[in-house]
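The values are calculated or read from the model by the stated rules, or taken from the named source; none is laboratory data. Computed from a predicted model, the values in this text were never measured in an experiment. Virtual Cβ from ideal backbone geometry, glycine too; neighbours counted across all protein chains shown. When the accessible area is computed, the model is the full protein with side chains, heavy atoms only, and any ligands, DNA or RNA have been set aside. Shrake-Rupley method; radii C 1.70, N 1.55, O 1.52, S 1.80 Å.
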Amino acid sequence: MTELQTLRHSCAHVLANAILVLWPEAQFAAGPPTSNGFYYDVELSHRITPEDFELLEREMRRIIHAAQPFEKQVVSRQEALELGRSGELASLGARSTPSYFKLDIIERIPLEEEITLYRNGSFLDLCAGPHVSDTSKINAFRLTHVASAYYRGDEKNPQLQRIYGTAFPTQEELEHYFSMLEESKKRDHRKLGKELQLFTFDDQVGPGLPLWLPKGTVLLEELEKLAKETEFQAGYERVKTPHIAREELYKTSGHLPYYAQSMFPSMELEDDDQKSSYYLKAMNCPHHHKLFSALPRSYRDLPIRFAEYGTCYRYEKSGELMGLMRVRAMNMNDGHIYCTEEQFAEEFRAVNDMYLQYFRLFGITRYQMRFSTHDPAKLGEKFVDDPLRWRRTEAMVRDVLTSNNIHFVEIPNEAAFYGPKIDVQVWSATGREFTLATNQVDFAVPQRFGLLYTTSENKKATPLCIHRAPLGTHERFLGFLIEHFAGDFPVWLAPQQVRIMPVSTRAINYATMLLQELRSHGVRARADLSTEKIGAKIRLAQLEKIPHMIVIGEREEKTGTLSLRSREKGDEGVLSKEIFYQRLQEEILQRKLTTKIKEI
RNA sequence: GCCGACGUAGCACAGUGGUAGUGCAGCUGAUUCGUAAUCAGCAGGUCAGGGGUUCGAAUCCCCUCGUCGGCUCCA
């Protein structure tokens, strides 16, 4: 535990202590530090609301001022259980009700592990520690919000109140944290999406079903163009598949009944006395597998790389929906590579290179590669029972990562049921973690589909499959990009690239001419011919985050020049049309990263 | 899905039982202006939807829908 985490965890103890002063019957579960602060899970009939925070914080400050030392105590399992039964754990003293969550936690502590308690004042808690020396070391803290959480994250368990807070070594750092939080709220894609008129949701259309406004559609199509060009260069072939399929397809793939609760309910049809069920597709792979099996395949054809911007529908739980980051209808930058085991490493490496190429293009530096592997104990249950293949493919993936010096974390037991995978994790403006992109190995499903190719020895063999989505889905990727750029899209992506602003109606003709020239160059330009003053026009364009603003008047008209103001640099002075057009072309064609990226 | 909070004009918000408001955006007119807001006028609402309590409901109660903060899963 880092020093900051220790501080925050100690603060969680003080929070529990304060809650007990107000509600002595409270039952506590876990109270760990988090990446931004800490929380404590509590079961209590009183609903703690933000209005209670002031009272709680006052009590916490009292405890902090008392400078109560944190005293560690090693106890036997038996002693710990007895204290729990008499309600003394996470309590200010003996109670009539046992500390049942703490008792459950004790049961889960491995036998060989030491059990420790920590006490400050009269508050005693089961805790692995460590803690700060005494409560006065906690200086700057604040309770932030309250939410609910199931005990141990399982919805079959009781629901607890989770009180969140944060703590910092100094008041300045605490205040800085909250001002950062304010800043990041400004770049929340839901807020910017509304302000910049990128997308909308409508109750009658349905929750989690984004409607793309014209400006958002530009982003979406530019992204798609990028993917198509990149995939063409990488030897992919584009395919197109329908949005629905018969039940049988998903029985073959194994998604039914496993994945059924995440799919929209089936459509039941009755044609010519023949009943059939259709499902909206939740993934594209089964369709692509059918494209593979549609033709006889030889080892000479491999690798075969299919790519499609496939629209998928997933019935995400209503409480899980979140702006563009989690939706029910999504366009996946999907692709499937069918290859031999010998080709695998090279193909997998190429996919990784594609990720990195995209990340460089967008200036994405804050992400985590997560390598998810299987758990040998769960073979045949959560994971396909093929230990040899697991070992081989995991070794191949690990090797690709390390030989390319790609930093990654390895997480066991998180693989797909059909093979290991790499997920790229990013964080939204509100701090939530999302999988932006994925790269998965599949050595099981091609077999279920009976996919075969003819080997050089004229035998039949099943290919390996790589599922990959370097740009994830349009929805999530754009949600992420909106926040990443804070709405300041680089010129090549910007819904409107140039705004022409005549200083008076006298320059309207020149403005119209420039507009036509820019359009003929394929530039997304508009002219502001309103009678507003130039300051007002600039303000409007700046708020709309248009990268290039062109100010023209009689001076420019006479000399065939234009006065450029850029979103980032402000007034850039007068330059010739030709020089500006050339600069624009470069920015657009080379997809230059013209935005200054402000990390938060 | 579950727990909690919230839902007032296109947007941001005020209004806690007695005639629905402010700012910005919009529309109309005037203004012709050189790098982040020219002035004036006008229009805009089943207060999310439905039901109830009350002489009277945006306001109190119930149901539904949606959004937000979390829990699980995931692109």
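For the set A:Lys228/A:Lys459; A:Lys251/A:Lys378; A:Lys186/A:Lys577; A:Lys545/A:Lys577; A:Lys191/A:Lys215; A:Lys225/A:Lys592, the pairs lying more than 24 angstrom apart at their alpha carbons are A:Lys228/A:Lys459; A:Lys186/A:Lys577. Applying 0.36 nm per residue to the separation of A:Glu82 and A:Asn509 and subtracting their alpha-carbon distance, the gain on full extension is 144.8 nm. Take every Cα pair under 8 Å whose residues are at least 6 apart in sequence, average their separation, divide by the length of the range A:3-184, and the relative contact order is 27 percent. Any chance you could check the Cα centroid distance between the range A:245-316 and the range A:521-600 for me, in angstrom? First find each Cα centre; the distance between them is then 47 Å. Ranking A:Met501, A:Ser262, A:Ala377 by Cα position along the charge dipole of chain A, where only Lys, Arg, Asp and Glu carry charges on their C-beta atoms, puts A:Met501 farthest toward the positive end. Taking Cα centroids, how far is the range A:1-36 from the range A:379-448 in Å? First find each Cα centre; the distance between them is then 35 Å. Placing one equal scatterer on every Cα of the range A:449-600 and applying the Debye formula, the log10 ratio I(q)/I(0) at q = 0.11, 0.15, 0.16 Å⁻¹ is -0.52, -0.80, -0.88.
Shown is the FRET efficiency for A:Tyr278 and A:Arg432, computed with R0 = 35 Å from the Cβ-Cβ distance and rounded to the nearest 0.05: 0.55. Here chain A has 50 percent of its accessible surface on carbon and sulfur atoms, given a 1.4 Å probe and all protein chains in place. To the nearest whole percent, what portion of all C-alpha pairs in the range A:250-389 is separated by more than 19 angstrom? Here the long-distance tail beyond 19 Å is 71 percent of all Cα pairs in the range A:250-389. Hull volume per residue, based on the alpha-carbon atoms of the range A:463-530 and their convex hull, is 116 Å³. About its Cα centre, the dipole of chain A is roughly 1500 debye, where the only charges are +1 on Lys and Arg Cβ and -1 on Asp and Glu Cβ.
With the charge dipole of the range A:498-589 set up from +1 on Lys and Arg Cβ and -1 on Asp and Glu Cβ about the Cα centre, the Cα lying farthest toward the positive end among the listed residues A:Ala536, A:Thr559, A:Gly570 is that of A:Ala536.
Counting only protein heavy atoms and a 1.4 Å probe, the range A:3-184 has 48 square angstrom of accessible area per residue.
Stokes-Einstein, applied to the Kirkwood radius of chain A over Cα pairs at a viscosity of 0.692 mPa s and 37 °C, places its translational diffusion at 116 µm² s⁻¹. For trypsin sites (Lys or Arg not before Pro), the sites in the range A:538-600 that DSSP calls loop and that have at most 13 other Cβ atoms within 10 Å are A:Lys569, A:Lys596, A:Lys598. For the peptides A:45-58, A:432-445, A:156-169, the ranking by mean Cβ contacts within 10 Å, running from highest to lowest, is A:432-445, A:156-169, A:45-58. The range A:3-184 has equivalent-ellipsoid semi-axes of 26, 18, 16 Å, by the square roots of 5 times the alpha carbon gyration tensor eigenvalues, sorted largest first.
Most tightly packed first, judged by the mean number of other beta-carbon atoms within 10 Å of their residues, the peptides A:216-222, A:61-67, A:321-327 read A:321-327, A:216-222, A:61-67. The slack between A:Ala395 and A:Ile411, meaning 0.36 nm per residue of separation minus the straight C-alpha distance, is 4.4 nm. Using C-alpha pairs under 8 Å with a sequence gap of at least 6, the mean separation divided by the residue count of the range A:343-424 gives a relative contact order of 46 percent.
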